[in-house]
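A quick write-up on the structure given underneath.
The values are calculated or read from the model by the stated rules, or taken from the named source; none is laboratory data. Quick caveat: nothing in here was measured; it's all calculated off a predicted structure. Note: ideal-geometry Cβ built from the backbone for every residue, glycine included; neighbour counts use all protein chains shown. Side chains are part of the model used for accessible areas, which takes the heavy atoms of the whole protein and leaves out ligands, DNA and RNA. Shrake-Rupley method; radii C 1.70, N 1.55, O 1.52, S 1.80 Å.
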Amino acid sequence: MTRTTRVPALLFTCALALLTPLLAPPAVHASPAPGAVVDTPGTVVDVAPLEPGLSLPGASSARALAYITQWRSGAPTTATGTLFLPHGTPPEGGWPVVAWAHGTVGLDDSCAPSRLPRTPRDTAYLDHWLGQGYAVVAADYPGLGSDGLHRYLDGQSAANSVIDIVRAGRAVEPSLSDRWVVIGQSQGGHTGLHTAHAATTRAPELDFRGTLTTGAPSNLEYLFPLGFPGFPDLGLDGLTAFAAYIFAGLRDADPALDLDGYLTPLGREIVDTAERLCYDDLIDRYGEVGVGEVLARPLNDDRFRAAFTDYLAVPTAGYDRPLFLAQGLRDTTVPAPLAFKLIADLWAGGANAQFRTYPTGHSETMFASLPDTTGFVAELLHP
């Protein structure tokens, strides 16, 4: 979707209708004893100071964590992530916790956020929350920097890792409170909604307070079955790369689907390559390829629809804590009509959800919304 062709918004909308400063401590290795079987979510496998250059300017200490979490199936796996502490002395009850759910980076271990310097965008954003007096834990998600392939937009698996890194962070840092929120951008917004849906059930020992998302993708289970060979360019930034990541994750999660049978030779090449290339590199290589060139068959058969719904759908009922959804009206990555349908479904499902729009693009919404979202988070964590 780096292609410059644009179609009228009406086409897209109609298509949618269809469907204490603390010094970093020495490394601590909390690995289980040889031969021991450890599969309790949140169990810390390893903790060490984060490598130089990977911390945040606003952090007094930064540590890399490895911990036990679960795939959506319940199978245990090890995940990685980071823990950042703010400057100053912890308040009574400990530092409230922001669990950061990151946006799209890729599928390969080399793309894991804990292994790379944060982008200027994410650095500034996370420093804002550290400056508010919150500790930040940031999960990489299963398969990013750990065993297995990262299953992109498998919200349930990613949510498990977000919840469990809060547990792991508190296990290694006694200054953390049990009060926490999740904040997610783009892919992380999708993860954040799944986290919100599961948090109080999965970790009742924690005091989960609510969720903030910016640019959260949703309703993709209705859009992707509209795909067919020769599908027109909708002018959405990164669509082919995002589709390749979704196809690769779904292929790994459900080999019986025979996803390769829906792809052209070029499509199979792109999906295979998506398992190895991080987002910017994938865009550089295939950014001019349209989704219609990837598909050899329509995606609208019942079997594929069911697989997409199971894999991609965002829950729209069953939320027991407040939500705040921020959406850019000029977002050409996650267009506003997707968010309009999502919030309508959330309200119909009984969610306590605030919804604000901003005259911004995809990433800019993170910062444009801060005058509203900073107070929202403060009210949750400091009632």
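How about region 146-223: which trypsin sites (Lys or Arg not before Pro) there are in a DSSP loop, with at most 15 other Cβ atoms within 10 Å of their Cβ? Mind dumping the intermediate values first?
Numbers: sites: 151, 167, 170, 179, 202, 209; in loops: 151.
For trypsin sites (Lys or Arg not before Pro) across region 146-223 that sit outside H, G, I, E and B with at most 15 neighbouring Cβ atoms in 10 Å, the list is empty.
Counting only DSSP beta bridges with both residues in the chain, what percent are antiparallel, rounded to the nearest 5? Present the calculation step by step, with values, prior to reporting the outcome.
Values: 21 of 48 bridges.
Just about 45 percent of them are antiparallel.
Evaluating 6.51 cos²θ - 1.76 cosθ + 1.60 at θ = phi - 60° for every residue in region 92-107, the Karplus couplings come out as 4, x, x, 5, x, 10, 9, 8, 8, 10, 7, x, 4, 10, x, 10 Hz, glycine and proline recorded as x.
Taking N as the number of residues in region 280-364, what is its alpha-carbon radius of gyration divided by 2.2 N^0.38 Å?
On the way: Rg = 16.5 Å, N = 85, 2.2 N^0.38 = 11.9 Å.
Region 280-364 yields a ratio of 1.39.
May I ask you to derive the FRET efficiency for residue 272 and residue 367 from their Cβ-Cβ distance with R0 = 35 Å, giving the value to the nearest 0.05?
0.45
Altogether, the Stokes-Einstein calculation at 25 °C and 0.890 mPa s, with the Kirkwood radius of region 176-216 over Cα pairs as Rh, returns a diffusion coefficient of 241 µm²/s. In terms of the Cα gyration tensor, with a ≥ b ≥ c the square roots of its eigenvalues, is region 53-209 rounded because a/c is under 1.5, prolate because a/b exceeds b/c, or oblate? In terms of gyration-tensor shape, oblate.
Measuring from a point 7 Å past the Cα of residue 284 along Cα-to-C-beta, which residues in region 118-145 have an amide N at less than 19 Å? Only 118-121 fall inside the zone, counting backbone N under 19 Å.
The slack between residue 347 and residue 124, meaning 0.36 nm per residue of separation minus the straight C-alpha distance, is 77.1 nm. The modelled label-to-label distance for the pair residue 226/residue 46, using points 7 Å beyond Cα in the direction of Cβ, is 4.5 nm.
Here the label points at residue 75 and residue 233, each 7 Å from Cα along the C-beta direction, are separated by 3.9 nm in the simple model.
The string of couplings for region 217-232 from the Karplus curve (6.51, -1.76, 1.60, θ = phi - 60°) is x, 7, 6, 5, 5, 8, 7, 5, x, 7, x, 7, x, x, 3, x Hz, one whole number per residue in order, with x for Gly and Pro.
Could you report the chain's accessible area per residue, 1.4 Å probe, as an integer in Å²? Before the final figure, lay out the partial values.
Numbers: 14630 Å² over 383 residues.
Value for the chain: 38 Å² per residue.
In the chain, the portion of solvent-accessible area held by carbon and sulfur atoms comes to 56 percent [1.4 Å probe, whole percent, DNA, RNA and ligands not counted]. Amide H to amide H distances under 5 Å link residue 355 with 325, where only residues 5 or more positions off or on other chains count and H is placed in the peptide plane. Amide hydrogen proximity for residue 99: with H placed 1.01 Å from N in the peptide plane, the residues at 5 or more positions away or on another chain lying under 5 Å are 137, 181, 182, 183.
What is the calculated FRET efficiency for residue 260 to residue 92, with r their C-beta to C-beta distance and R₀ = 35 Å, to the nearest 0.05? Write out the running numbers ahead of the final one.
Working: r = 57 Å, r/R0 = 1.62.
Given R0 = 35 Å and the Cβ-Cβ separation, E is 0.05.
Computed extension length for residue 305-residue 132: 58.0 nm, one decimal, from 0.36 nm per residue of separation with the Cα-Cα distance subtracted. Return, ordered by residue number, the residues of region 215-230 whose backbone nitrogen is under 19 Å from a label point located 7 Å along Cα→Cβ of residue 340. Correct set: 215-224. Here the Karplus relation 6.51 cos²θ - 1.76 cosθ + 1.60, evaluated at θ = phi - 60°, turns the backbone of region 110-119 into coupling constants of 5, 8, 4, x, 6, 9, 10, x, 5, 5 Hz, with x for every Gly and Pro. Taking amide H as placed 1.01 Å from N in the peptide plane, residue 65 has its amide H under 5 Å from the amide H of 81, 82, 83, each at least 5 places away in sequence or on another chain.
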